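**Student:** Just passing along the structure, written as structure tokens.
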Amino acid sequence: MKALWIGLANLRRMFRVRTNIFFVFVFPMVLILVLGATFGGSSSPRLGVVSTGSGPLGAALLRQLERTPHLQVVTVSDPASLLTQVERGNLAAGVIIAPGYDAAVRAGHDVTLRYLARPDQSSQQLGETVRGAVARQATLLGAARFAVAQHAARSFDAGLAAAARTPVPAVSVTQTTAGTTLFSRTLGQFDEGAWTELLLFLFLTAMTGSVALIETRRLGLSRRMLATPTSPATVIAGETLGRVLISCVQALVIILGSALLFGVNWGQPAGVAAVVIVFALVAAGAGVFVGTLFRNEQQAIGISLLLGLGLGALGGCMVPLEVFSPTMRQVAHITPQAWGNDAFAKLVGHSASIVGILPQLGVLAAYAVVLLTLAAWRLRRVLSA
């Protein structure tokens, strides 16, 4: 019970410093936004379509869009939701097929389709793809009207069916990818940036938390705790638990905030929780261990930033592992960040369950055991000195 109170005291101590709130919670969200806006997005553009109440012809247009190669069509319930997802970058663009589309077309009226996109080049290029799909349906509708006007068909439906059966020579363009795709086609614009920044800041925050451990020793708080009926093991457990609690709170804010603000898909909750908890133990062990190696805060903060940023960069938290060479990718896996990135890539990019990431969790657990053992050994020696 005492270990829990020591851990909670460390958590409250972190919140008392206002700059910590910015760097622990706000700054990661800003980086997720910047990285997603600059580099995010899947290889296949995601087109949202609202077709509620559009009738059979609206459904036919939706199927025409779904058959378009290298285009992922997502059905959206209403225009407001579509606009929000396009603005956030979860969808490359959107099309609204108005209610009553079928009746208006059959009556011979002009119908306007709304196309929503951000003012960038890729969205405008996607607009040409959408216009092509609409033009193909318009060709069939024009042929059906012509057949009815020439009395070659008894009704519009009969003319439409005859036009659909008539083979029309077409030019097809086949696009192939040489080798294998680097990124999953299902990734949203902010997905990979979110999990890489989560891992980067969980480790960086725990490492810089070593300064608080040194301050605790310098102010004599550790000696005062040991002067009470509190064993060194309880103090060690409390200091470690405090860093784990800080990491879990930070992860919860980043995960919920990115999901609400940017629509990030984190995958199976059980798998995400397992990765966060095990990685938090790794980070806590590293932070406590570094905090026992130095006598003053200046030394600790320099080494903590160097290790936190350096291991993060090597482990794929600044540049995706997918763009590393095979040799560098193997080297990167000496870091726990690389294994954490692999776990999230499976959870988010491949919709894996917690069972699918057991190898990554096993390696992270081994890191946690080694680092926590070293941290406990060093902290016990420092406290008894």
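Condition check ((1) under 30 Å from the mean Cα position of the chain (by Cα); (2) more than 21 Å from Ile303 (Cα to Cα); (3) modelled with pLDDT of 95 or more) across all residues:
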| position | (1), (2), (3) |
| --- | --- |
| Leu213 | no, no, no |
| Arg223 | no, yes, no |
| Leu226 | no, yes, no |
| Thr230 | no, yes, no |
| Ala233 | no, yes, no |
| Ser258 | yes, yes, no |
| Phe262 | yes, yes, no |
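**Student:** Here's something else I'd like to know. Mind checking which residues of segment 198-240 are in contact (Cβ under 8 Å) with a residue 40 or more places away in the chain and among the β-branched types (Val, Ile, Thr)?
**Tutor:** The answer is Thr205, Thr208, Val211, Ile214, Thr230, Thr234, Val235, Ile236, Thr240.
**Student:** Could you identify the single residue in Val253, Val282, Val278, Val249 that is modelled with pLDDT of 90 or more, open to solvent by 20 Å² or more (accessible area, probe 1.4 Å), under 19 Å from Asp342 (Cβ atoms) and touching a helix residue (DSSP H, G or I) at 6+ places or on another chain (Cβ under 9 Å)? Break it down into steps so the answer makes sense when it comes.
**Tutor:** Values: Val253 fails: under 19 Å from Asp342 (Cβ atoms); Val282 fails: open to solvent by 20 Å² or more (accessible area, probe 1.4 Å); Val249 fails: under 19 Å from Asp342 (Cβ atoms).
Selected residue: Val278, the only one of Val253, Val282, Val278, Val249 that is modelled with pLDDT of 90 or more, open to solvent by 20 Å² or more (accessible area, probe 1.4 Å), under 19 Å from Asp342 (Cβ atoms) and touching a helix residue (DSSP H, G or I) at 6+ places or on another chain (Cβ under 9 Å).
**Student:** Tell me, which residue of segment 301-360 that is touching a residue at least 12 places away in the same chain (Cβ under 8 Å) and aromatic (Phe, Trp, Tyr) is least open to solvent (accessible area, probe 1.4 Å)?
**Tutor:** Looking at residues that are touching a residue at least 12 places away in the same chain (Cβ under 8 Å) and aromatic (Phe, Trp, Tyr), I get Phe344.
Residues are listed down the side, and each one gets a yes or a no for (1) farther than 21 Å from Asp78 by Cα; (2) buried (at least 17 other Cβ atoms within 10 Å of the Cβ):
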{"site": "Tyr101", "(1), (2)": "no, yes"}
{"site": "Thr112", "(1), (2)": "no, no"}
{"site": "Ser123", "(1), (2)": "no, yes"}
{"site": "Ala133", "(1), (2)": "yes, yes"}
{"site": "Ala147", "(1), (2)": "yes, yes"}
{"site": "Ser155", "(1), (2)": "yes, no"}
{"site": "Leu160", "(1), (2)": "yes, yes"}
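**Student:** Can you say whether Val288 is within 13 Å of Phe201 (Cα to Cα), hydrophobic (A, V, I, L, M, F, W, C) and surrounded by 18 or more Cβ atoms within 10 Å (Cβ to Cβ), as far as the supplied structure shows?
**Tutor:** Values: within 13 Å of Phe201 (Cα to Cα): no; hydrophobic (A, V, I, L, M, F, W, C): yes; surrounded by 18 or more Cβ atoms within 10 Å (Cβ to Cβ): yes.
Spelling it out, it is not the case that Val288 is within 13 Å of Phe201 (Cα to Cα), hydrophobic (A, V, I, L, M, F, W, C) and surrounded by 18 or more Cβ atoms within 10 Å (Cβ to Cβ).
**Student:** In this structure, does Leu31 turn out to be closer than 26 Å to Gly349 by Cβ, open to solvent by 40 Å² or more (accessible area, probe 1.4 Å) and assigned to a helix (DSSP H, G or I)?
**Tutor:** Values: closer than 26 Å to Gly349 by Cβ: yes; open to solvent by 40 Å² or more (accessible area, probe 1.4 Å): yes; assigned to a helix (DSSP H, G or I): yes.
When the stated conditions are applied, Leu31 passes them.
**Student:** Considering every residue within segment 76-95, establish whether at least one is over 30 Å from Val253 (Cα atoms), in contact with a helix residue (DSSP H, G or I) (Cβ under 9 Å, 6 or more places away or on another chain) and part of a loop (DSSP other than H, G, I, E, B). Let's see the steps before the verdict.
**Tutor:** Keep residues of segment 76-95 that are over 30 Å from Val253 (Cα atoms), which gives 95.
Keeping just the survivors that are in contact with a helix residue (DSSP H, G or I) (Cβ under 9 Å, 6 or more places away or on another chain) gives 95.
If we keep only those that are part of a loop (DSSP other than H, G, I, E, B) too, we end up with none.
No.
**Student:** In segment 111-120, which residue that is part of a loop (DSSP other than H, G, I, E, B) and not polar (S, T, N, Q) is nearest to Ile96 (Cα to Cα)? Please lay out each step first, then the result.
**Tutor:** First, pick out the residues of segment 111-120 that are part of a loop (DSSP other than H, G, I, E, B): 111-113, 118-120.
Pick out the ones that are also not polar (S, T, N, Q) and you get 111, 113, 118-120.
Working: Val111: 11, Leu113: 6, Arg118: 15, Pro119: 18, Asp120: 20 Å.
Restricting to residues being part of a loop (DSSP other than H, G, I, E, B) and not polar (S, T, N, Q), the top hit is Leu113.
**Student:** Still on this model: Keeping to segment 231-246, report how many residues are surrounded by fewer than 17 Cβ atoms within 10 Å (Cβ to Cβ) and aliphatic (A, V, I, L, M).
**Tutor:** Number satisfying all stated conditions: 1.
**Student:** Restricting attention to segment 121-138, does a residue exist that is under 27 Å from Pro69 (Cβ atoms), assigned to a loop (DSSP other than H, G, I, E, B) and without any contact (Cβ under 8 Å) to a residue 12 or more places away in the chain? Before the answer, list the steps.
**Tutor:** Of all residues in segment 121-138, those under 27 Å from Pro69 (Cβ atoms) come to 121-138.
Within this subset, residues satisfying the condition of being assigned to a loop (DSSP other than H, G, I, E, B) are none.
No, segment 121-138 contains no residue that is under 27 Å from Pro69 (Cβ atoms), assigned to a loop (DSSP other than H, G, I, E, B) and without any contact (Cβ under 8 Å) to a residue 12 or more places away in the chain.
**Student:** Counting only residues that are crowded, with 22+ Cβ neighbours inside 10 Å and more than 12 Å from the chain's Cα centre (by Cα), which one in segment 264-275 is farthest from Asn20 (Cα to Cα)?
**Tutor:** Gly271
**Student:** In segment 287-300, which residues are touching a residue at least 40 places away in the same chain (Cβ under 8 Å) and polar (S, T, N, Q)?
**Tutor:** Pass one, segment 287-300, residues touching a residue at least 40 places away in the same chain (Cβ under 8 Å): 287-297, 300.
Hits for segment 287-300 are Thr292, Asn296.
**Student:** Which of the residues that make up segment 1-27 are under 25 Å from the mean Cα position of the chain (by Cα) and either open to solvent by 90 Å² or more (accessible area, probe 1.4 Å) or not polar (S, T, N, Q) (or both)?
**Tutor:** First, pick out the residues of segment 1-27 that are under 25 Å from the mean Cα position of the chain (by Cα): 20-27.
Hits for segment 1-27 are Ile21, Phe22, Phe23, Val24, Phe25, Val26, Phe27.
**Student:** Does segment 53-68 contain at least one residue that is open to solvent by 50 Å² or more (accessible area, probe 1.4 Å) and either within 25 Å of Val264 (Cα to Cα) or out of contact with any helix residue (DSSP H, G or I) (no Cβ under 9 Å at 6 or more places or on another chain) (or both)? Explain how you work it out, then say what you get.
**Tutor:** Going residue by residue through segment 53-68, those that are open to solvent by 50 Å² or more (accessible area, probe 1.4 Å) are 53, 56, 63, 66-67.
Pick out the ones that are also either within 25 Å of Val264 (Cα to Cα) or out of contact with any helix residue (DSSP H, G or I) (no Cβ under 9 Å at 6 or more places or on another chain) (or both) and you get 63, 66.
Yes, segment 53-68 has at least one match.
**Student:** Here's something else I'd like to know. Tell me, please, whether a residue that is modelled with pLDDT under 90, more than 22 Å from Thr292 (Cα to Cα) and loosely packed, with under 15 Cβ neighbours inside 10 Å can be found in segment 374-383.
**Tutor:** Scanning segment 374-383, I find no residue that is modelled with pLDDT under 90, more than 22 Å from Thr292 (Cα to Cα) and loosely packed, with under 15 Cβ neighbours inside 10 Å, so the answer is no.
**Student:** Continuing with the same structure: Of the conditions (1) in contact (Cβ under 8 Å) with a residue 40 or more places away in the chain; (2) under 17 Å from Gln189 (Cα atoms); (3) not acidic (Asp, Glu), Ile97 clears all except one; give me its number.
**Tutor:** (2)
The values are calculated or read from the model by the stated rules, or taken from the named source; none is laboratory data. These numbers were taken from a predicted model, which means no experiment stands behind them. Methodologically, a virtual Cβ is constructed for each residue, glycine included, from the backbone with ideal geometry; neighbour enumeration extends over all protein chains shown. Each accessible area value is taken on the protein alone, full model and side chains, heavy atoms only, with ligands, DNA and RNA left out. Shrake-Rupley method; radii C 1.70, N 1.55, O 1.52, S 1.80 Å.
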